[in-house]
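Remarks on the structure that follows.
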Amino acid sequence: MAEAASQDATGGASLFPFDNTYARLPERFFTKLDPTPVQAPNLLLLNEELARELGLDPAFLRSAEGAQVLGGNRIPEGAEPLAMAYAGHQFGGWVPQLGDGRAVLLGEVVDRNGVRRDIQLKGSGPTPYSRMGDGRAALGPVLREYIVSEAMAAFGIPTTRSLAVVTTGEAVFRERALPGGILTRIARSHIRVGTFQFFAARRDTEALRLLADHVIDRHYPDLRQAGNPYSALLDAVAGRQAELIAAWMSVGFIHGVMNTDNMSVAGDTIDYGPCAFMDTYHPGTVYSSIDHGGRYAYGNQPGIAHWNLACLAQCLLPLIDESEEKALEAAQEIINTFPDRFRAAHTRRFAAKLGLGTVRDGDADLIDGLLKAMEEGKADFTLTFRGLSDLSGEGTADGAVRGLFEEPAAFDAWAPAWRARLAEAGRDDTARQAAMRAINPVYIPRNHQVEAALNAAVENNDLEPLHDLRAVLQTPFEAQAGQERYELPPRPEEEVKATFCGT
Ligand code: AMP
Ligand code: MG
């Protein structure tokens with residue numbers, strides 16, 4: 001397809017092998033509209049590997065015409081641009097209409113692995129869902145999403161991806177004038193819990209069924225055969241969320257705005273705003289400048305996911321059973337399984353981080369014991385687990401890890417229990433260390449480094465720190481010579497205490 005298209009006299013505009021399905025849903029699912037053109041789109045970052053995975057030609061995307069497409073000035077052949085409608089609970093408060101206020105879905109392509117992927121421009125201008133917003137994005141937050149979402153992918157955690165960043169040649173006005181940017185975001189879909197809520201609030205059961213069937217076809221095709229596909233869908237979404245939140249927590253990730261409109265039904269991390277990775281371990285950690293009550297703090301994420309899933313359950317009731325009572329009972333039963341499923345996923349991940357192999361009774365307590373010691377000792381989350389990966393099962397030379405604790409007594413008390421458990425697992429030390437190093441990253445997108453890289457790019461047009469950071473984060477489990485500075489937590493004066501969504 002790409003080959004035939006590259007000979008196309010239109011000069012590459014048909015290079016996107018679009019195959020759209022969301023656009024086939026009824027008109028009340030979206031508003032068709034083109035991106036608003038920008039003055040001077042200029043390509044800043046391109047994810048070539050992802051482009052190839054999508055069957056797109058990196059050379060075209062790098063061309064002047066490619067920048068016109070990525071900036072929304074030129075609509076590629078086969079695109080059916082639309083802004084999706086959705087609703088949502090923001091910080092617990094119901095908002096009946098949100099929707100893509102600054103994004104346009106160009107269309108879908110089926111990638112090299114047969115997976116359907118959305119291609120969306122984020123920051124592409126106002127839509128009927130913009131409310132008071134300008135429909136635009138500042139370059140800083142766009143680069144932030146690129147860096148953090150690609151780091152997530154490198155960790156192997158389900159996420160939307162970032163294909164490209166263009167600058168627009170226009171200013172956006174926040175507290176001050178900032179350069180504008182557009183992110184080309186790739187997702188298995190952009191369907192959210194809030195998409196279901198949009199139709200449920202309108203008592204539009206026909207739309208709910210179409211949406212649920214679309215989601216099943218796209219993300220859970222095995223469920224077509226289920227006795228009750230809709231309760232099975234709820235169950236499957238809950239399962240993916242349990243895994244996702246456990247995965248986030250295993251790398252110290254705090255999403256920051258887990259509103260129901262920011263929760264993907266495919267189980268991907270979506271809508272990177274004031275998200276951040278924790279340095280010092282504390283379950284109450286919050287960075288988002290708008291999360292005053294700490295609703296979306298690190299340790300609250302499983303509880304919030306549970307709450308969001310209950311919102312999804314509520315939407316699915318009319319599909320699950322004609323009898324409201326029966327539907328409610330079935331949905332409640334599924335939702336009630338979430339805490340245990342999350343705990344199981346969390347224990348499995350952290351047991352692996354500790355090199356324990358298969359989970360046994362008592363492992364959850366052992367994990368808890370370490371986390372408590374880290375909290376008390378103000379230990380760096382990432383360095384602690386990576387440090388443990390290097391320790392031997394026998395030795396007592398724990399200096400490098402002990403040194404991460406302000407108060408090492410609690411660590412000293414914990415370490416023998418860990419070693420006893422390792423002995424019980426009976427794994428060879430070298431193999432155990434290698435397995436631990438393969439899941440305990442050396443590098444995470446530390447806030448101070450992300451901020452520094454964004455500042456250099458936005459304020460000084462210096463892309464080098466950004467490219468460096470992006471490079472180390474591409475293989476986060478491998479220590480890279482000469483990049484030691486990216487391992488380090490912030491010095492007190494470097495610490496970033498608040499992150500902003502930049503909307
Ligand atoms: P978020 O919390 O960033 O996911 O955004 C919540 C809602 O606000 C969504 O409906 C967004 O599309 C919308 N929104 C965010 N920023 C803007 C903006 N600059 N202009 C228009 N709408 C926006
Ligand atoms: Mg959002």
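Taken together, the values in this text are just the output of simple stated rules run on the coordinates, not laboratory data. Note that the structure is predicted; figures quoted are calculated from it, not measured. Cβ: placed from backbone, ideal geometry, glycine included. Neighbour counts: every protein chain shown.
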Where a ≥ b ≥ c are the square roots of the eigenvalues of the C-alpha gyration tensor, would you call the stretch 339-459 rounded, which needs a/c under 1.5, or, failing that, prolate if a/b is larger than b/c, or oblate? prolate
Mean-position separation - Cα centroids, the stretch 163-221 and the stretch 62-125, in angstrom: 7
If we count other beta carbons within 10 Å of each Cβ, what is the order of S231, S289, fewest first? S289, S231
Positive-end extreme of charge dipole, the stretch 194-345 - chosen from Q314, A207, T285 (charges on Cβ): T285
FRET efficiency estimate (nearest 0.05) - Cβ-Cβ, A413 to E49, R0 51 angstrom: 0.65
Determine which lysines satisfy two conditions relative to K378: a Cα distance under 18 Å, and not lying fewer than 8 residues away in the same chain. K497
Residue farthest toward the positive end of the dipole of the stretch 1-143, with Cβ of Lys/Arg at +1 and Asp/Glu at -1: which of V115, L44, A137? A137
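Which percent, nearest 5, of DSSP beta bridges in the chain are antiparallel? Before the final figure, lay out the partial values.
Numbers: 39 of 41 bridges.
Approximately 95 percent, going by the DSSP bridge assignments.
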Using a Förster distance of 30 angstrom, determine the FRET efficiency expected from the C-beta separation of Q39 and E464, and round it to 0.05. 0.70
Yeah, the chain with a ≥ b ≥ c from its alpha-carbon gyration tensor (a/c under 1.5 is rounded, else prolate when a/b outruns b/c, oblate otherwise) is oblate
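Could you please report the charge total around Y272, scoring K, R as +1 and D, E as -1 over all other residues with beta-carbon less than 12 angstrom from its beta-carbon? Before the final figure, lay out the partial values.
Details: positive: K122, R144, R161, R185; negative: E145, E150, D268, D271.
In short, 0.
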Considering only V359, A331, A481, whose Cα is most displaced toward the positive end of the charge dipole of the chain, charges sitting on Cβ of Lys, Arg (+1) and Asp, Glu (-1)? A331
Would you mind counting up the charge near N455? Only other residues with Cβ under 13 Å from its Cβ, with Lys and Arg at +1 and Asp and Glu at -1. -4
Sum up the charges of everything whose Cβ sits under 14 Å from the Cβ of R360, counting Lys and Arg as +1 and Asp and Glu as -1, but leave R360 out. -1
